Amino acid sequence: MAIPYGKQEITEEDISAIVETLQSDFLTQGPKIKEFEENFAQYVNSRFAVAVSNGTAALHCATLALEVNNRSNVLCTPNSFVSTSNAVLFCGGKITFSDINKENFCLDLDLLESKIKAAPKGTYTGIIVVDFAGYPVNTQRLGKIAKEHNLWILEDACHAPGASYINSEGKEIIAGDNTYSDITIFSFHPVKHIACGEGGMITTNSEEIYKKLLLARSHGVTKENMTTLSESDGDWYYEMQDLGYNYRITDIQCALGISQLSRARKGILNRQRIAQFYNESLAGLPIELPKVEKNKNHAYHLYVIKTNKRKALYNFLRSKEIYTQIHYIPICNQPFYKKSSLVTQEEFPIANEYYSKCLSLPMYPSIKEEELIKVVDSIKEFFQK
Ligand SMILES: Cc1ncc(COP(=O)(O)O)c(C=O)c1O
């Protein structure tokens, strides 16, 4: 009975939805894409949503729409998957990392603000923030910092569809509603909350950004607002208005996404129940458990503990077929980043200390009770040795 750290759940309804689409007229560029986008926009309370082929494509479309170029210098957390900051490099922009918060492992907003204030005016162009593990970052505070310094915000909420927090006015802010961010992106990789095999979503409240995202997703080609249409041209005519990519998602994937989305809220409740079980069962052991403030609705893509004996515990659990994971090796430590002239070379002691101790325990709604008990008992056994 191998237990991974994350896993998709596929139901009979999911399978029927896929089969129905396979038997329909459209495998791609059909109606399921719009339907998924509309349902998702409603789920996160955003005005526009654009579905794409994966989370990395979503990040790239976002940096294109935000017009990142070789004059851009973007602040970013080092504690994420490499594609978060790669999207800036794709566009020739510079990356400056800023260290993480000791408690929630997301960008430290105090450090970020000091860094921006210490730099000459206009040094930075934007901020990429990650709702790491499903913890919703205080975008209200971040928004204030960004506004004061004329910076855009790209929120990477790949870990956090369905996460929310209560702002200082008592209003619920949902990851992806873009109350404070310009663009939010999501991934539908199977370990995430909503599995499409591969897939991604971008949300925004700006019509201008939305139009740019549509162009970036599909070759920069459009049939709207064409400037070169002449009398002799017919319905076939299209125009390439920008340099774009093929980042389209298929109707098959969207059919699965729609079906998965319909039970996403239930999935979060299950994840929160699993977190509660870990919190109670692991209390008292020499490990640091996740800390969550009362006003936060954590989406628990990951349940991350910290321990001085990380490698030994990882190996011990592996010997029992419990496959924990490490999220993340700080991006700034990757050889490519160490040598890149597009990266501001600095040390990040908090991210490094965090990396030396972090361990993601199995966390997915379909995990069985006996599997959870096995995880907890094995961790206890390790510390009793
Ligand atoms: C925080 C974060 N950003 C971006 C990505 C990239 O998403 P995808 O794998 O769908 O390209 C991931 C996926 O691992 C992620 O965890």
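All of the numbers you see were taken from the coordinates with simple rules; none came from a lab. Please read these numbers as outputs of a predicted model, since none were measured by experiment. With ideal geometry, Cβ positions are generated from the backbone for all residues, glycine too; neighbour counts draw on all protein chains shown.
Data for the structure
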| read-out | value |
| --- | --- |
| Segment 245-286 versus segment 78-151: alpha-carbon centroid distance in Å | 25 |
| Dimensionless Rg/Rh of segment 266-384 - Kirkwood Rh, Rg from C-alpha atoms | 1.02 |
| Members of 144/212; 338/380; 192/223; 147/211 lying beyond 30 Å, as alpha-carbon distances in this model show | 338/380; 192/223 |
| Spatial extent of segment 90-211: Rg and Dmax, with the Cα atoms as the point set, Å | 14.6, 44 |
| DSSP bridge pairs, segment 75-166: antiparallel proportion in percent, nearest 5 | 10 |
| Longest site-free stretch - the chain; sites: GluC sites (Glu not before Pro), DSSP loop, at most 16 other Cβ within 10 Å | 104-168 |
| Per residue, the convex hull volume that the Cα atoms of the chain enclose (Å³) | 146 |
| Positive-end residue, the chain charge dipole about Cα centroid, Cβ charges, pick of 184, 204, 272 | 272 |
| Under 18 Å from residue 102, Cα to Cα: lysines that are on another chain or at least 8 residues apart | 115, 291, 294, 296, 306, 357 |
